[in-house]
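Here's the structure, in structure tokens; my notes come after.
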């Protein structure tokens, strides 16, 4: 891997953030109305949707030894391989789980015929939240809970960091056509979500290309299926807002400093997703860090993020999925990071008496 020394440290500490936020970029959609003025020049900066986002897949640049090391660790993660799972229980018609990625990349949107057929044959189709399908409801959730997205204690984005960091963020946002005066009241994770989106991802959304979850719902609507959600947007906002401010600030700074390397992180993640190797993501982060000459990964920070954004929500999803699974013949689509692991959705449902096997 050819990379400048001054960015090595940033990649290591940023990888854990981009993996999590990358799978939750769908949250940007609910804030388009908030940032519309700040992002008014997006068309001048974006590519056409006919192009995929260019980026390097770091997996292809790992040595055979390091790749083997990552795969060995990934093999210990329960249910780390696979996106499509059959859920069975005696006396109940089988249902299905599907792991999504909340982006518009055409490789992600390319659902297999078996998945599409399962959606058509299901009685109920479920995604994480239905609130984002209703812009007015999403806007109301933001306005009714300002403390989740904004500083309400008199502080601001720039006052929550050093003067040097504040000056850097102001300059970087200005270069992107975003005046600090328009966003200074917003919490760092909100702005990070805005700037982390690649140009072509932003362009595709502006042209009306839907993320995978919404594509699934459109198919369900066309087939007249009952549609449900597992969470409210307020719950999702609360999860993001619960991250410590210093953690959010670090994520924003590193997203800005990495620049074009953000698209390399996203390309690596999308490639692993398309290969259905979700369990390989975190082990790959570790070996990529080693290849870049830095082994000091902030496991504690990643652990906090994983607990609040993934694990706690896994338990909630399992609880709310069970009544739907008891009705039978459901298709439940959630972010793929929610499926694997000892406290992943698959294992949590197995603990509730379901037999879950990988579907074709």
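Could you please rank 275, 264, 164, placing first whichever residue has the fewest other Cβ atoms within 10 Å of its Cβ?
164, 275, 264
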Task: Centroid-to-centroid separation of the stretch 139-174 and the stretch 73-138 [C-alpha atoms, Å] - done: 34
- [ ] Taking the Cβ of each residue in 327, 65, 347 as the centre, tally the other Cβ atoms inside 10 Å and list the residues starting with the fewest.
- [x] 65, 327, 347
TODO: Order by neighbour count: 322, 267, fewest other Cβ atoms within 10 Å first, most last.
DONE: 322, 267
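For the stretch 137-290, what does the relative contact order come out to in percent, with C-alpha contacts under 8 Å and a separation of six or more?
It comes to 30 percent, rounded to a whole number.
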Open item on the list: Give me the three principal axis extents of the stretch 59-214 from the C-alpha atoms, as integers in angstrom, largest value leading.
Closed with: 59, 49, 32
TODO: Once you have the Cα-Cα distance between residue 167 and residue 222, take 0.36 nm times their residue separation minus that, and quote the gain in nm to one decimal.
DONE: 14.8 nm
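Bear in mind these aren't lab numbers, they're just calculated from the coordinates by the rules spelled out. What you see is a predicted model, and the numbers here were worked out from it, not measured in a lab. Note: ideal-geometry Cβ built from the backbone for every residue, glycine included; neighbour counts use all protein chains shown.
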